[in-house]
1. What residue, among those in segment 1-42 that are of a type in the set (Val, Ile, Thr) and crowded, with 18+ Cβ neighbours inside 10 Å, is nearest to GLN247 (Cα to Cα)?
2. Residue by residue through segment 36-68, note down the ones that are among the basic types (Lys, Arg) and over 11 Å from the mean Cα position of the chain (by Cα).
3. What are the pairs, 6+ residues apart or on separate chains, where a residue within segment 1-13 that is closer than 28 Å to MET27 by Cβ and at pLDDT 90 or above has its Cβ under 6 Å from a residue that is surrounded by 10 or more Cβ atoms within 10 Å (Cβ to Cβ) and aromatic (Phe, Trp, Tyr)?
4. Inside segment 319-332, can you point out the residues that are crowded, with 19+ Cβ neighbours inside 10 Å and charged (D, E, K, R)?
5. Any idea which residue in segment 65-81 is surrounded by the fewest Cβ atoms within 10 Å (Cβ to Cβ), counting only those that are closer than 25 Å to LEU333 by Cα, of a type in the set (Val, Ile, Thr) and out of contact with any Phe, Trp or Tyr (no Cβ under 6 Å at 6 or more places or on another chain)?
6. Conditions first: (1) part of a helix (DSSP H, G or I); (2) without any contact (Cβ under 8 Å) to a residue 40 or more places away in the chain; (3) touching a helix residue (DSSP H, G or I) at 6+ places or on another chain (Cβ under 6 Å). GLN320 passes all but one, so which condition is the exception?
7. Test ASN242 against the criterion of being under 18 Å from the mean Cα position of the chain (by Cα), modelled with pLDDT under 95 and either of a type in the set (Gly, Ala, Ser) or outside the structural domain of LEU111 (by TED's automatic domain parsing) (or both), and give yes or no.
8. Return the residues of segment 43-64 that are buried (at least 20 other Cβ atoms within 10 Å of the Cβ) and either without any contact (Cβ under 8 Å) to a residue 12 or more places away in the chain or over 21 Å from HIS222 (Cα atoms) (or both); say none if nothing qualifies.
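The values are calculated or read from the model by the stated rules, or taken from the named source; none is laboratory data. Everything quoted here is computed from the prediction, not taken from an experiment. Reconstructed Cβ throughout: ideal geometry from the backbone, glycine too, with neighbour counts over all protein chains shown.
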Amino acid sequence: MSRKDVMVPFEHQQSAHCETGVISNLMRFHGLRVSEPMAFGIGSGLFYSHMPFLKMNGIPVTSYRILPGHIFKRFSRNVGVKMERASFRDQDQAMRALDDVLDQGLPVGMLTSVFYLPYLPKAFRFHFNAHNIVVFGRRGDEYLVSDPVMEATTTIHRTALVRARFAKGTPNTNGRMYYPTKVPIDADLKQAAAKGLRRVARDMSNTPLPMFGSKGITYLAHRLRNYERRLGSRRALLYVGNLIRMQEEIGTGGAGFRFMYAAFLQEAASLLNRPELREKAMEMTAIGDQWREFAFEAGRLVKGRAEAGSDLNTLADRLQRIGEQEQRFFKELARTSR
């Protein structure tokens, strides 16, 4: 069946992170201008967890954010955005649903697998099924794509898009798509930002289990000291390499999220008339710098280029200091955000 071409007048802006970038870009289309850091803060996206009981490819999962999709859910709840969400078993039905929304003149967000997006450089394509993009039109069998991590918009063939939307693995993408049906352009962003800030401060400082929140960082530091004894040198370095991959390549990670949260605190200082948040933003930026240095040192260790005297213990010492600083930071933030 032939379909008419359609192109929604969608403004693309490159972003640091896919989910927050999609939020910011979709909100702008609907008349609510929200920066990516503000979307991250209102959506309470910052979190930390090291879960030895949950493994991917046999290696414990470390995450620097809340679960995929939850930033959008929290942002929508705090701002009052109404969202239509759908997932599918049938691929043809999923594409018909996409076409129907595009025909209404609306851009559509969706969950895809990075591995099956042919417009991405091969070096960046790996099996990660929680990458958010926006489709905003079609020309024949080519769909117009706004991928937040790309500098400009691009296209993807219908067959490739189906494959990316129905990739197997964890999470199972199930052709998931979503789009706003109501966006309050007069939303109370002040109240929404305050809610988002309080939740991150609470979750990072008061989550009781030791592997979650800022305590999870020192928890991982303790485990890191025992990696070589428990795992052997080769597997210990494999674990560290995956830790850095999770931090620097998947979902923006440790330093990137800290820099984004610092930018949110800067905006929130003006929005909430809380100048003390500017000082907290500077502290968060300094912590982000330390995460980046940790990744650099760990990368050198994995590649066999570490400086003399640098080993897993010195790496654990650095991580321990970061964890202690974050515990103090978020306890103070929890007190000032009440």
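1. Result: THR20.
2. LYS55
3. VAL8/PHE136; PHE10/PHE29; PHE10/PHE136
4. Within segment 319-332, GLU326 is the sole residue that qualifies.
5. Only one residue tops the list, namely VAL79.
6. Condition not satisfied by GLN320: (2).
7. Answer is yes for this residue.
8. Restricting attention to segment 43-64, the residues satisfying the condition of being buried (at least 20 other Cβ atoms within 10 Å of the Cβ) are 43-50, 62-64.
Correct list: GLY43, SER44, GLY45, LEU46.
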